[in-house]
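Heads up: the structure comes next, in structure tokens.
The values are calculated or read from the model by the stated rules, or taken from the named source; none is laboratory data. Please read these numbers as outputs of a predicted model, since none were measured by experiment. Ideal geometry is used to build each Cβ from the backbone, glycine not excepted, and the neighbour counts take in all protein chains shown. Heavy atoms of the whole protein, side chains included, go into the accessibility calculation; ligands, DNA and RNA do not. Shrake-Rupley method; radii C 1.70, N 1.55, O 1.52, S 1.80 Å.
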There are 2 protein chains.
Amino acid sequence: MTQLDEPTAPTKLGRKRDHTRDPEILDAALDVLAETGYDGMTIDMVAARAKAGKATVYRRWSSKAELVVDAVACMKRTDLDVDHLPDTGTLRGDLVAMIKPRSIEDAEKKLQIMAGLVSMISRDPGLAEAVNAAIVEPRVSVNRTFLRRAIERGEIAADCDVETLALLSPSMASYRVLIEQKPVDREFLLALIDGVILPAVGLKAP
Amino acid sequence: MTQLDEPTAPTKLGRKRDHTRDPEILDAALDVLAETGYDGMTIDMVAARAKAGKATVYRRWSSKAELVVDAVACMKRTDLDVDHLPDTGTLRGDLVAMIKPRSIEDAEKKLQIMAGLVSMISRDPGLAEAVNAAIVEPRVSVNRTFLRRAIERGEIAADCDVETLALLSPSMASYRVLIEQKPVDREFLLALIDGVILPAVGLKAP
DNA sequence: TATATGCGGTACTGTAGAGTTTCGGATCTA
DNA sequence: TAGATCCGAAACTCTACAGTACCGCATATA
């Protein structure tokens, strides 16, 4: 993954080798990716959106594939703050607390990006890994945490299939965006929680 | 959708306008689609696999997009015989009876095809419709039937969310193939049935 | 101010693939 | 057999885009 730290040391003379435009270019790449998919995306589109020259892009990444992998890997985790998860005392409370307009919006864009990468995922292991680490795993991990907490406090049975249940919401959300082309809105998420997840662990909606 | 009926009437003289090669070309298109995705697929590949000339393809379909839509729309429904669904008397029995090597194999290929079309689905409403009718809806419909039957015989509660529950298995299977790149095998399907679907409708595995 | 360097912009090269055209051979009808 | 038509193959055009080369400006160092 690219480091977006401070500029590196000066060269012999002259300006620092700052690569100041990297974040703009990566953001532009994600935008274009979400709108047109991997094959539809051109380096010219990315450069234009970042108000950068095409050469600047190639100075930093040696190919389109590398740029895309890096863009996905550097994707901001703004939607999930894994260190400050809600802890409401009930499984339903925790799950519902994750539904926020900001979070929904962010997740939807990531799913659009994922849609544009699906056919590439099976051909580029590095990309598959980046997508998994940046989009998939964080969400699954959050659900796992909520389920384990619920087991610990005795709210749900200890022998339920945590791994499969943690995949449930990401799976259905992906399917809804990628295949059904419908929005993952509050209504859908509540129906999922109250109609599937809670019943599946032996709880029921209030 | 293209009709694959008998040859049409003879022209003034000479050979019938039979379009005999249509099925081979459509099958070849589906094979290439499953292997390389929409953007990776070239008309030359399809023609070569069907042992046909490129011109023959274009005599019949005016563009790559049209060919793909038609191939998906004409896709054989070999895996699901909607008129002869199992009826074992229990929901679990019905769901398990759908797990057959033949059916799994067939479903997996369709999911591969879907993977190659995902990024195109959002740009071509005709393709979205074809994919839905040929791959998605049949499966959802089967699950709906099983759930309704179970409600009618009093096996499960009448107020459960049939629509969402019917999407569960197709969603998780798609996710598994498209994103996780894992096989949808018997083991996975049994874990899904016994670990999620049955608990979600208030039943438990034997 | 002088110099080195990164940058935006643009023009360029090379290639891949969509779609077209042509042609010789095969096959059907009469 | 003769006439009409379809087919496979291959050559062709044209466009789009990946990747490269270059230039003049801006900016930071000294």
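One table, with the values for the structure above:
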| item | result |
| --- | --- |
| Peptide B:28-39, shielding by other chains (average Cβ, 10 Å cutoff) | 2 |
| Efficiency of FRET between residue A:49 and residue B:48 - r from beta-carbon atoms, R0 56 angstrom, step 0.05 | 0.90 |
| Peptides ranked, highest mean first, by Cβ atoms within 10 Å: ranges A:63-76, B:42-55 | A:63-76, B:42-55 |
| Cα shape, the stretch B:14-82, gyration tensor, a/c 1.5 rule | oblate |
| Chain A: angle of helix A:101-121 to the longest principal axis, Cα-based, in degrees nearest 10 | 70 degrees |
| Carbon/sulfur fraction of accessible area - the protein assembly as shown, other protein chains in place, 1.4 Å, % | 53 percent |
| Protection proxy ranking of A:114-120, B:92-98 - average other beta-carbon atoms within 10 Å, highest first | A:114-120, B:92-98 |
| Accessible area of the stretch A:55-141 divided out per residue, in Å², using a probe of 1.4 angstrom | 45 Å² |
| Relative contact order, percent, chain B [alpha-carbon distance under 8 Å, six or more residues apart] | 19 percent |
| Copies compared at residue B:40 - label distances in nm, ascending, label defined 7 Å from Cα in the Cβ direction | 2.0 |
| Cα gyration tensor shape for the protein assembly as shown, rounded if a/c is under 1.5, else prolate or oblate | oblate |
| Full-stretch length increase - residue B:88, residue B:39 - with 0.36 nm per residue and alpha-carbon distance subtracted | 13.3 nm |
| Interface burial for A against B (accessible surface, 1.4 Å probe, total of both chains, Å², rounded to 100) | 2700 Å² |
| Within chain B, helix-based [θ] at 222 nm, where runs of 4 or more DSSP H residues each add -39,500 (n - 2.57), nearest 500 | -17500 deg cm²/dmol |
| Whichever aspartates and glutamates have a C-alpha closer than 12 Å to that of residue B:76, once near sequence neighbours (fewer than 8 apart) are set aside | B:27, B:106 |
| Neighbouring partner chain Cβ atoms per residue of B:118-127, average, 10 Å criterion | 5 |
| Other-copy label distances relative to residue B:204, 7 angstrom Cα-Cβ extension, nm | 1.7 |
| For residue B:123, label point 7 Å along C-beta direction: distances to other copies, nm | 1.4 |
| C-alpha long axis of helix A:137-152 to longest principal axis of chain A, angle in ° | 30 degrees |
| Rounded if a/c under 1.5, otherwise prolate or oblate - the stretch B:63-191, Cα gyration tensor axes | prolate |
